[in-house]
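First up is the structure itself, then whatever we jot down about it.
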Amino acid sequence: MKNFKLFIPLLIFVVLGLFLLWGLSKDPSDMPSALIDRSVPEFALPDLQNPGMTLDQTLFQGQVTLLNVWGTWCPPCRIEHPFLVALEKQGVAIVGMNYKDVPEAAREWLIDKGDPYRATFEDREGRYGINLGVFGAPETYLVDHRGKIHYKHVGIVDEAVWQQIEPLYNKLVAASEEDRP
């Protein structure tokens, strides 16, 4: 029994090592969302491009949409932005959520770098981000034509990521076309 006590630190080290290896095998951008298969949470937030106006969750009705969380303070958002502009030119509807940002800086960013968003609302305090389950920026949600979230991606959306998302996007677009009268 006395010799067993000598092996306790080794046993603890092995268990911790196994947990570390398990954690390293996980994809850090694979962040589950409690909102998958649920509607976009209700909101009424300022329209970035039209001060004094508000936007709400009806933005997501009628068309399959990407909801992109971004901020001018976010270095990965700078990398992602040109790809979003290219997606918009291909006809992908994108709504922006300007997250914890200065509205004037965000408007200037969109003028300088191009505006891929059909609409952008502001979440200056980050409260809506909490309702949405935002971990940081950039994050992108795939929302169907009825406003239901089907997918969440944490991190930059680029060509490789879009190739993973695009089949589901196309499936949702096809389903939305079947629902039209």
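Just a few scattered comments:
- Formal net charge of residues neighbouring Pro82 (Cβ-Cβ distance under 15 Å; K, R +1; D, E -1): -3
- Centre separation in Å (Cα based) which lies between the stretch 45-79 and the stretch 121-181: 12 Å
- Of the peptides 116-122, 132-138, the ranking by mean beta-carbon count within 10 Å, highest at the top, reads 116-122, 132-138.
- Its convex hull of Cα atoms gives the stretch 28-179 a direction-averaged projected area, equal to a quarter of the hull surface, of 8.3 nm².
Where a number appears in this text, it was derived from the coordinates with a stated rule and is not lab data. What you are looking at is a predicted structure, and each value in this text was computed from that prediction instead of being measured. Glycine also receives a Cβ, built like all others from the backbone with ideal geometry; neighbour counts cover every protein chain displayed.
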